[in-house]
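As structure tokens, the structure follows; a few thoughts come after it.
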Amino acid sequence: MSALLTQSGLLEAVAAAGAVVAAVEARSTRFETPCGKGSMVWRRWGSGSPVVLVHGGGGSWTHWVRNIEALAAHYTVWAPDLPGLGDSAVPDEFTIEAMGATVERGLRTLIPGDAPLDVVGFSFGGPVSACVGMKLEGRLRNFVLAGSRFNLDASRHFPQLVSWKEIEDPEARLAGHRRNLEIMMIANPANIDALAVYIQSTNTPRARFFGPKLDPNGKLLEFLPQVRPQKRVTGISGLEDQIARPMMHNQASGLKAMHPTGVFHTIPDAGHWVQYEGSGRFNAILLDTLAGK
């Protein structure tokens, strides 16, 4: 583990990492669509056929910071902040269906017409994306799910995370965020760099709801059979995904039970936040999938 990510010096390292996010954001164009009593915020990069990236719970568009530029070299990338997360206002109600309806309206406003598009959802963004995808009819080309579970596991419990809100010292609070990444998101502690801590520590304070209370996995399994892309449904998971590790051996069969042509990929040495920890391999798989390979 880098000495910069011990508690001593963590504050300075994380502050410096913010420049990476700022640089990616500076290359985007910002858009807003209605959401509750305010706006849902979208960012766009690149040119070409549209690809919509839907982030995970307690997150924002920055969940995709290591993927956007690889995709934007070939596609127009749209990355919204989901209702009640990031820079977006709270939805009219905190349900996956209400969030999906808000995303769908925004998508149809910003990407009008009937041209094909691809949708990629991560974790909590999976059921929200599925709610949208099943209503896109012939427009949906590829539907990709990262860090999703294609089976129910009644024995699974949400892990006990560090209560960072109760920590007053800024450096100790960042250490709490780092520990939560280790518990929930990133498999190898050595891969928890200052950028990951920056993203975690700036996203979670803006979350205005607790995603697991909305039964995201149950909703994904309800909606996914109704998603009918032109191409296929693809799953990509880190082999060491903390959320799905006990059922990893059943992931491919679970997906195929709902979509017989579905393809499931695993990335070794990566955890739940697979598109960050395994970004090189993830980007290659995603680009091949979008290209129809």
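Bear in mind these aren't lab numbers, they're just calculated from the coordinates by the rules spelled out. Computed from a prediction, not measured in an experiment: that's the story for all the values here. Counting neighbours? That spans all protein chains shown, and the Cβs are built from the backbone with ideal geometry, glycine included.
What does the charge count near E97 come to, summing +1 for each Lys or Arg and -1 for each Asp or Glu among other residues with Cβ under 14 Å from its Cβ? Kindly include the intermediate steps, with their values, before the conclusion.
Working: positive: R105, K135, K219; negative: D92, E93, E104, D215, E222.
Residues close to E97 contribute a combined charge of -2.
Name the residue, out of P127, P260, P83, whose mean-square fluctuation peaks in a Gaussian network model built on the chain with Cα pairs under 10 Å.
P260
On C-alpha positions alone, give me the angle between the axis of helix 10-26 and the longest principal axis of the chain, in degrees, nearest 10.
It works out to around 30 degrees.
For every other residue with a beta carbon closer than 15 angstrom to the beta carbon of T76, add +1 if it is Lys or Arg and -1 if Asp or Glu, then tell me the sum.
Details: positive: R27, R30, R43, R44, R139, R141; negative: E69, D118.
Value of the local net charge: +4.
Among DSSP bridges having both ends in the chain, what percentage is antiparallel? Round to the nearest 5. Could the numbers behind the result be given before it?
Values: 12 of 33 bridges.
Percentage antiparallel, nearest 5: 35.
By how many degrees, 0 to 90 and rounded to 10, does the Cα axis of helix 194-203 deviate from the longest principal axis of the chain?
Taking Cα atoms only, the helix is inclined about 70 degrees.
Please state the charge dipole magnitude for the chain, taken about the Cα centre, from unit charges on C-beta atoms (+1 on K and R, -1 on D and E), reported in debye and rounded to the nearest 20.
Details: 28 positive and 27 negative charges, 154 e Å.
In debye, rounded to 20, the chain gives about 740.
Where does the chain land at 222 nm, in deg cm²/dmol rounded to the nearest 500, when only DSSP H runs of n ≥ 4 count, each adding -39500 (n - 2.57), divided by all residues?
Numbers: 10 runs with 103 residues, N = 293.
Rounded to the nearest 500, it is -10500 deg cm²/dmol.
Send over the Kirkwood Rh of the stretch 157-268, from the inverse of the averaged 1/r over different Cα pairs, rounded to one decimal Å. Could the numbers behind the result be given before it?
Values: mean 1/r = 0.0612 Å⁻¹.
The Cα-based Kirkwood calculation yields 16.3 Å.
Are there GluC sites (Glu not before Pro) in the stretch 117-213 that DSSP marks as loop and that have at most 13 other Cβ atoms within 10 Å, and which are they?
Answer by residue number: E168.
If I model a spin label at A73 and F210 as a point 7 Å from the Cα along the Cα→Cβ vector, what separation in nanometres do I get?
Taking the simple label geometry, A73 and F210 are separated by 4.2 nm.
Relative contact order of the chain, please, whole-number percent, based on alpha carbon pairs below 8 angstrom and at least 6 residues apart. Numbers along the way, then the final one.
Details: 588 pairs, mean separation 61.1, N = 293.
Answer for the chain is 21 percent.
First measure r as the distance between the Cβ atoms of L152 and T202, then evaluate 1/(1 + (r/R0)^6) with R0 = 22 Å and state the FRET efficiency to the nearest 0.05. Show your work: numbers first, answer last.
On the way: r = 32 Å, r/R0 = 1.48.
Efficiency for this residue pair is about 0.10.
For G58, list long-range residues whose amide hydrogen, built 1.01 Å from N in the peptide plane, is under 5 Å from its own amide hydrogen.
G211
Tally Lys/Arg at +1 and Asp/Glu at -1 over every other residue whose Cβ is under 13 Å from the Cβ of I186; what's the total?
Numbers: positive: R66, R178, R179; negative: E182, D193, E240, D241, D269, E277.
After counting each charged neighbour, the total is -3.
Ordered by packing density, taken as the mean number of other Cβ atoms within 10 Å over each peptide's residues, highest first, how do 106-115, 231-240 rank? Could you put the intermediate results ahead of the total?
Working: 106-115: 14.2, 231-240: 22.9.
The densest-packed peptide leads the list: 231-240, 106-115.
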